[in-house]
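Contents: one structure, followed by commentary.
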Amino acid sequence: MAKLFRTAIMGPPGSGKGTISQRIAQNFGLQYLSSGHFLRESIAANTEAGVLVKSYVERSMLVPDHVMSRLMLLRLEQLTGHSWLLDGFPRTIAQAKALNNICQLDMVIILNIPYETLRERLSDRWIHPASGRVYNMGFNPPRVQGRDDVSGEPLIQHADDRPEALLARLRHYKDVAKPVIDLYKSQGVLYQFSGTDTNRIWPYISSLLSTKIPTQHLDGCQPPIQP
């Protein structure tokens with residue numbers, strides 16, 4: 001039976017989590033679960049989870065930790081028997097503790113990207129709202145300017161991707177992420193990667209994963225054994 005591997009990726013907005021996550025999923029056969037994609041799909045499909053999340057989104061409110069944790073943990077139950085990668089969850093210490101109660105991660109990847117690089121990336125970032133597909137005018141532009149490659153629908157730029165809003169977003173990310181990072185550091189599963197170029201960071205992540213994934217001996221997402 002193939003060994004299972006559970007990991008999560010963290011980083012500030014514009015750090016390249018989506019690009020790195022797709023490469024990990026493709027190269028190592030992990031199921032990729034993005035919390036943002038999951039919520040958008042749930043809303044579009046009008047599922048019970050989607051209706052609940054939509055009630056917060058329509059009021060421009062953050063989805064509360066207990067709601068987010070319940071929805072994501074229920075989704076992970078469907079992936080029992082699969083190796084997976086989480087992107088966007090856990091985002092807060094409350095979410096991390098909820099996940100930790102049922103499943104201990106094998107690795108947490110942190111991307112540390114300089115502010116100036118983040119500013120440049122986000123100023124060039126455009127998004128297809130319905131699907132969450134992201135384009136960068138510098139290195140990943142759409143085939144037709146201003147239009148999504150798949151649907152042809154218009155792309156938008158989020159107001160909080162603009163330089164004047166970025167500093168506030170980064171401060172918020174650091175405040176929220178620090179206790180999560182400290183938790184995983186204390187568990188010995190935290191690995192940090194720094195740089196300005198995703199293509200230069202990727203080989204180091206790939207090399208590390210190549211040494212970790214074949215040696216795992218965990219059999220699934222089960223409650224941790226208490227001492």
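The values are calculated or read from the model by the stated rules, or taken from the named source; none is laboratory data. Just so you know, these numbers come straight off a predicted model, no measurement behind them. Neighbour counts are summed over all protein chains in view; Cβ atoms, including those assigned to glycine, are modelled from backbone coordinates with ideal geometry. For the accessible areas, the whole protein counts, side chains as well, though only heavy atoms, and no ligand, DNA or RNA atoms are used. Shrake-Rupley method; radii C 1.70, N 1.55, O 1.52, S 1.80 Å.
A few comments on the model shown:
- Sparse packing (at most 13 other Cβ atoms within 10 Å of the Cβ) combined with a DSSP loop state is found for the following chymotrypsin sites (Phe, Trp or Tyr not before Pro) in segment 102-160: F139.
- Accessible surface area normalised per residue over the chain is 55 Å², counting heavy atoms of protein chains with a 1.4 Å rolling probe.
- Among the trypsin sites (Lys or Arg not before Pro) in segment 39-124, those placed in a DSSP loop whose Cβ has at most 15 other Cβ atoms within 10 Å are R59.
- D_trans [Stokes-Einstein, Kirkwood Rh over alpha-carbon pairs] for the chain, 25 °C, 0.890 mPa s, µm² s⁻¹: 132 µm²/s
- Sequence-ordered 3J(HN,Hα) estimates for segment 54-64 from the Karplus curve with 6.51, -1.76 and 1.60 and θ = phi - 60° stand at 4, 5, 7, 4, 5, 9, 6, 10, 5, 5, x Hz, glycine and proline given as x.
- Centroid-to-centroid separation of segment 1-73 and segment 90-158 [C-alpha atoms, Å]: 11 Å
- Dividing the summed helix terms, -39500 (n - 2.57) for each DSSP H run of n ≥ 4, by the number of residues in the chain produces a 222 nm estimate of -14500 deg cm²/dmol to the nearest 500.
- Reachable lysines from K212, criterion Cα separation under 23 angstrom, eight or more residues apart if same chain: K3, K17, K185
- Rg/Rg_globular for segment 1-108, with Rg_globular taken as 2.2 N^0.38 Å and Rg from C-alpha atoms: 1.07
- A DSSP coil position with no more than 10 other Cβ atoms inside 10 Å describes the following GluC sites (Glu not before Pro) in segment 41-97: E58.
- When a 1.4 Å probe is rolled over the protein heavy atoms, the share of accessible surface on the chain that falls to carbon and sulfur comes to 52 percent.
- Segment 124-181: C-alpha gyration tensor shape, a/c 1.5 cut-off, then a/b vs b/c: prolate
- Using Cβ point charges alone (K and R +1, D and E -1), the dipole size of segment 18-89 about the Cα centre works out to roughly 100 debye.
- Were the residues from S60 through E48 laid out at 0.36 nm apart, the gain over their Cα-Cα distance would be 2.4 nm.
- Options G81, P129, A45, ranked by Cα towards positive dipole end of the chain, top entry (Cβ charges): G81
- Mean separation of Cα contacts under 8 Å, 6 or more apart, over the residue count of the chain: relative contact order %: 31 percent
- A 1.4 Å probe, protein heavy atoms only, puts the accessible area of I181 near 30 Å².
- Taking each residue as 0.36 nm, the span from Y204 to N101 lengthens on full extension beyond its C-alpha to C-alpha distance by 34.1 nm.
- Cβ-Cβ FRET estimate between L167 and L79, R0 fixed at 35 Å, reported to 0.05: 0.45
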